Each structure stands twice: as C-alpha cells, then as structure tokens.
Amino acid sequence: MSCADDHDTESHAAEAAFWDMHEQRLPSLYARPHDWRLVPRLAESLLRPRHRFMRRVMRRHAADVGTLLDVGCGNGWFCHAAARAGIHAIGVDVSEVKIEAARRLAREQGVESSCEFHVRDIAEFSPPSPVDLIVSLGSLHHLPDLEHVLPAILERTLRRGGLVLLCEPHHEGMAPWLEKFVTWFANFRGGAYFDTDLYARATSGDAATDVNVRGESPAGREFFGTQVAMADVVRTLGLEALEVRFFFYAAGHLANIGYVYMRLRLVRALTRLASPLLAELDAMLCRWPRIARHAGEAVWTGRWCGPSDRRDG
C-alpha cells in the first residue's frame with residue numbers, strides 16, 4: 001500500500017469517527033447550541049425558503065424520479081421525506097452511528113421498505129442499478145480531489161439523463177462588512193451582551209477539547225478553502241443547467257448574533273420572532289448577483305448529460 005493509500009485510509013477513518021462522535025453528542029449540542037441549525041424552531045424558520053425551493057424542484061421532476069442516492073445522508077432525513085413521496089431512497093454515509101440512526105428513524109416513520117442505508121465511502125459505492133437523482137446536502141465538499149472524484153461518482157451511480165440536486169457551500173466565511181460587524185459586536189462591552197467565550201470556542205476549532213465537534217470535520221478542515229470552488233466543479237460536470245439558487249447571505253450570521261450568542265433575552269426573543277421575515281428577505285437578496293457572491297450556500301439543479309456530452313459553462 002502506498003503512502004497516498006495510507007493517507008486516504010486514515011482520512012476516511014478520521015472522518016467516520018468525527019461523524020460518529022457528532023451523532024452521539026447531538027443531545028449536548030442541542031442543549032447548548034453553537035449554531036442556529038441546532039436551534040430547531042430557529043432552523044425551521046431560516047431553512048424554509050431553501051426547503052421550499054427544493055420541494056418545488058422535486059415536484060417539478062416527480063415523473064422523472066423513482067430512485068435517488070443521497071451522498072452523505074447523515075441521519076437520513078431527506079431519504080425519509082423522499083420515501084414518503086413514493087421514491088426509493090438510498091443513503092450512503094461514512095458514519096456507522098449516523099446510518100444506525102437513519103435506519104431506526106426509517107422504522108419509526110414506517111418507510112423502512114422504501115429506504116436502504118449503507119456505511120460506505122461514496123467513492124467506492126455502486127447502487128444495484130443507476131439511480132434517477134443524486135442528492136448531496138453539504139457533503140461533497142468533504143471529498144478530496146473532488147473535481148476528479150465527482151464525475152466518476154456520477155458515471156458509476158447516475159443514469160444518463162438523470163438529475164442532480166446539490167446543496168453545497170458557496171462562499172467561505174462572511175461578507176466583509178458583516179465580518180467586521182460581528183468582530184465589533186463580539187468586543188462590544190466584553191461579554192456583557194455577547195457570549196464571547198462560546199463564540200471563540202465554536203469558531204477556533206480547538207481539537208484539544210470536546211468543542212472540536214462544534215467545528216468542521218477533518219476532511220472539511222483539510223480540503224475546504226483549498227479545493228476547487230464548488231461552482232467551478234459543477235461547471236465541469238457536463239450538466240444541463242436547470243436552476244441555481246443562493247441562500248444565507250446574512251440571515252444565519254445575524255441569527256447567531258441575535259440568538260445563539262446573545263445573552264439578552266429580549267433580543268433573543270425578537271430575533272426568533274423576526275427569523276421568518278429575515279429568511280425571506282435574505283433569500284430575495286440572494287437573487288442579486290452582487291449579494292449572491294457572498295451567499296453561504298448554493299443549490300444547483302441540473303440534468304447530467306454524461307462524460308461524452310460535457311459542455312462548457
């Protein structure tokens with residue numbers, strides 16, 4: 001085995017261990033959240049525009065989708081939702097604990113017969129037959145050498161003319177003005193209003209303590225920021241572009257400031273009440289190209305033409 005193979009094996013093991021730990025520690029993360037996604041009511045409000053867009057995409061192509069593959073499925077929530085809509089869903093994840101949770105939730109929701117879950121590296125997985133839709137919700141940017149690995153994954157798992165639905169990071173970090181504002185606010189009156197200690201621990205990635213589960217996974221830390229931008233990767237896939245939408249320019253960051261790290265109860269309550277409007281306004285602003293370039297996430301939808309029919313742009 002070569003040094004490169006040893007590194008890949010170690011990286012895969014570290015990634016699986018991180019997500020195993022993440023699933024096991026979810027109760028403690030929800031008990032003292034470090035991000036708005038771990039505040040259920042807040043997350044539901046802020047994610048609503050993105051989920052509405054994804055549901056619209058699924059409805060529009062319902063006649064074309066009988067099977068799907070969810071790359072990095074986690075606890076399987078998307079697979080469960082697809083199964084309830086009559087789609088046979090296959091979920092793949094490196095975390096055995098996440099897959100156990102996905103199977104348990106499928107049983108509890110009565111969709112076990114329409115779902116299957118596998119503890120595998122997606123780079124080595126092949127479904128019994130090519131699927132109609134590939135879904136990735138924030139997982140692809142964890143894969144090394146993505147611009148070369150992803151086309152091979154599509155060739156092996158997706159039928160020619162099949163669809164892709166990719167929701168991945170678009171801009172790393174905040175817009176410059178927002179980053180300056182957060183820095184100023186974090187230092188304003190020390191920790192009187194803002195939980196600067198939690199904010200520092202959540203953003204430092206300190207692997208010496210258990211707060212490392214709050215940050216990016218090992219693969220994400222190693223490759224995000226150094227790999228080819230997702231927008232560039234998508235352009236090389238030979239997709240017939242259907243639609244691209246951007247989300248989370250400022251809404252998530254402002255929710256963290258006003259709720260997650262805020263000590264004042266009144267501000268926390270106002271932030272929670274304003275979150276639906278904040279999410280809708282944020283989604284509208286992200287339609288402007290100058291705003292979208294700093295959006296945190298992009299959702300790409302396209303039809304895969306196959307390697308022999310690849311197109312530029």
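The values are calculated or read from the model by the stated rules, or taken from the named source; none is laboratory data. Quick caveat, the model's predicted, so the values are computed rather than measured. No Cβ is skipped: glycine too gets one built from the backbone with ideal geometry, and neighbour counts run over all protein chains shown. In case anyone asks, the SASA skips ligands and DNA or RNA and just uses the protein heavy atoms, side chains included. Shrake-Rupley method; radii C 1.70, N 1.55, O 1.52, S 1.80 Å.
A few notes on this one:
- Of the criteria (1) in a helix (DSSP H, G or I); (2) under 15 Å from Thr67 (Cβ atoms); (3) in contact with a helix residue (DSSP H, G or I) (Cβ under 7 Å, 6 or more places away or on another chain), which one Val92 fails: (1)
- The stretch 263-274 residues that are closer than 18 Å to Phe188 by Cα, paired with ones that are outside any helix (DSSP H, G or I) (beta carbon under 7 Å, 6 or more apart): Arg263/Tyr193; Arg263/Phe194; Arg263/Asp195; Leu264/Tyr193; Arg268/Met262
- When Leu68, Leu47 are checked against the criterion of being at pLDDT 95 or above and under 26 Å from Tyr249 (Cβ atoms), Leu47 stands alone in meeting it.
- Qualifying positions in the stretch 45-73 - in contact with a Leu (Cβ under 8 Å, 6 or more places away or on another chain) and outside any helix (DSSP H, G or I): His61, Val65, Thr67, Leu68, Leu69, Asp70, Val71, Gly72
- Candidates are the residues of the stretch 219-263 that are part of a helix (DSSP H, G or I), under 20 Å from the mean Cα position of the chain (by Cα) and modelled with pLDDT of 85 or more; the one that is surrounded by the most Cβ atoms within 10 Å (Cβ to Cβ) is Ala255.
- Pair list, Cβ < 6 Å and 6+ apart or interchain, from the stretch 156-177 residues that are free of Cβ contacts under 8 Å to residues at least 24 places away in the same chain to residues that are among the small types (Gly, Ala, Ser) and outside any strand (DSSP E or B): none
- Output for the stretch 99-115, where each listed residue is in contact with a His (Cβ under 8 Å, 6 or more places away or on another chain) and of a type outside the set (Gly, Ala, Ser): Ile99, Leu105, Gln109, Val111, Cys115
- Taken together, the residues in the stretch 125-143 that are modelled with pLDDT under 90 and surrounded by fewer than 16 Cβ atoms within 10 Å (Cβ to Cβ) amount to 1.
- Qualifying positions in the stretch 271-300 - of a type in the set (Val, Ile, Thr) and within 21 Å of Glu172 (Cα to Cα): Ile291, Val299
- Restricting attention to the stretch 145-167 and to residues that are surrounded by fewer than 16 Cβ atoms within 10 Å (Cβ to Cβ) and either aliphatic (A, V, I, L, M) or in contact with a His (Cβ under 9 Å, 6 or more places away or on another chain) (or both), the residue that is nearest to Val233 (Cα to Cα) turns out to be Val149.
- On inspection, Ile99 qualifies as open to solvent by less than 10 Å² (accessible area, probe 1.4 Å) and under 15 Å from Ala16 (Cα atoms).
- Filtering the stretch 113-158 to residues that are aliphatic (A, V, I, L, M), within 26 Å of Arg50 (Cα to Cα) and not in a loop (DSSP other than H, G, I, E, B) leaves Ile122, Val131, Leu133, Ile134, Val135, Leu137, Leu140, Leu146, Leu150, Ile153, Leu154, Leu158.
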